[in-house]
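Written below as structure tokens is the structure these notes are about.
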Amino acid sequence: MSKPIFEGSAVALVTPFNEKGVDFAKLEKMVEFHIANKTDAIVVCGSTGEASTMPNEEHLATIKCVIDAVNHRVPVIAGTGSNDTAHGVELTKEAASMGADAVLLVTPYYNKCTPEGLYRHYAEHANNCDCPIILYNVPSRTNVNITPAVLERLAAFENIVAIKECNFGQVPDIYSSLGDRFVMYSGEDGLAVPMVSLGAKGVISVVANILPERTSKMMHLALEGDYAAARDLQIDVIPLVNSMFCEVNPIPVKEALNILGVGCGPCRLPLCELSPANRDKLIKVLDMYDTSALTSYFA
């Protein structure tokens, strides 16, 4: 198996915006909050970070801000995926040159490439960058699935080291055909503990934006084999998980952070504000959890 980039919980960090663009001062404070609250790694400019709305200069400046703020204290994973292979390779090379510990490459969205095109897309990244690559398989969002057959071909590239997997049903097939060649990370907060039982090393988490220490604890309990305690934490967090995905991510998590006083600004169009009915439900769910670490830090 490839060496894990991290073990435990990586936060899929939201990007704070203000009227000028990215709020870099707030972004740095968010990084400090996560390091102080036991987040094991930070993913910047992923789907939750609204990277698809960022022009190159802003995208790369945001990655650099997080790398500089973290200063080697935890791994930084930069989202550099694109549905334009050449564009993605450009971003990947730039993020690697800045010192990202790994890049996260979502499957090409909208184009709906064939398995051969998907293989060539990732091969192009692997051939042009030595930085460790984490594949991101989220068919519900991109309508493209990285099948075990495609993964078997991608196993030839040593720098493709891991998968953020949201297609839970194919995980046993991946392990059956490839063993532990790739490090597996859960891309689903609600299935993080079950994924560890199948061999995953952690989760890339939306909920960790709100409950970082609790999410990390849940994952490390599972990794240590204490599934009873990990299961209890997993079940307890399900209402919050469901709230985080009551509308398209990151609309709910950004609204939750704003409700809790973080002040991370709005989503960018075409994402808009949470509906009033779902906002009322979200407030009730947030009241079920101890978010004092967050509220006190950003008070």
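The values are calculated or read from the model by the stated rules, or taken from the named source; none is laboratory data. From a predicted model like this one, the values you see are computed outputs, not experimental measurements. Note that we place each Cβ from the backbone using ideal geometry, even for glycine, and neighbour counts take in every protein chain shown. Side chains are part of the model used for accessible areas, which takes the heavy atoms of the whole protein and leaves out ligands, DNA and RNA. Shrake-Rupley method; radii C 1.70, N 1.55, O 1.52, S 1.80 Å.
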By residue number, the members of segment 130-169 that are of a type in the set (D, E, K, R) and open to solvent by 60 Å² or more (accessible area, probe 1.4 Å) are ASP130, ARG141, GLU152, ARG153, GLU158
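When you look at HIS125, is it touching a Cys at 6+ places or on another chain (Cβ under 7 Å), open to solvent by less than 10 Å² (accessible area, probe 1.4 Å), under 29 Å from VAL253 (Cβ atoms) and in a helix (DSSP H, G or I), yes or no? Spell out how you get there, then give the answer.
Numbers: touching a Cys at 6+ places or on another chain (Cβ under 7 Å): no; open to solvent by less than 10 Å² (accessible area, probe 1.4 Å): yes; under 29 Å from VAL253 (Cβ atoms): yes; in a helix (DSSP H, G or I): yes.
No.
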Just name the residue that is farthest from PHE6 (Cα to Cα) out of those in segment 170-181 that are of a type outside the set (S, T, N, Q) and open to solvent by 10 Å² or more (accessible area, probe 1.4 Å). ASP173
Can you work out which of the residues in segment 2-31 that are open to solvent by less than 60 Å² (accessible area, probe 1.4 Å) and charged (D, E, K, R) is farthest from ALA230 (Cα to Cα)? ASP23
For segment 46-63, name all the residues that are among the polar types (S, T, N, Q) and farther than 16 Å from TYR109 by Cα. ASN56, THR62
For ALA95, state whether it is over 19 Å from the mean Cα position of the chain (by Cα) and either in a loop (DSSP other than H, G, I, E, B) or not aromatic (Phe, Trp, Tyr) (or both). no
For ALA200, only one of the following conditions fails: (1) in contact with a strand residue (DSSP E or B) (Cβ under 6 Å, 6 or more places away or on another chain); (2) small (Gly, Ala, Ser); (3) under 22 Å from MET54 (Cβ atoms); (4) not in a helix (DSSP H, G or I). What is its number? (3)
Before we move on, is ALA156 outside any loop (DSSP other than H, G, I, E, B) and small (Gly, Ala, Ser)? no
Could you run through segment 148-169 and say how many residues are at pLDDT 95 or above and polar (S, T, N, Q)? 1
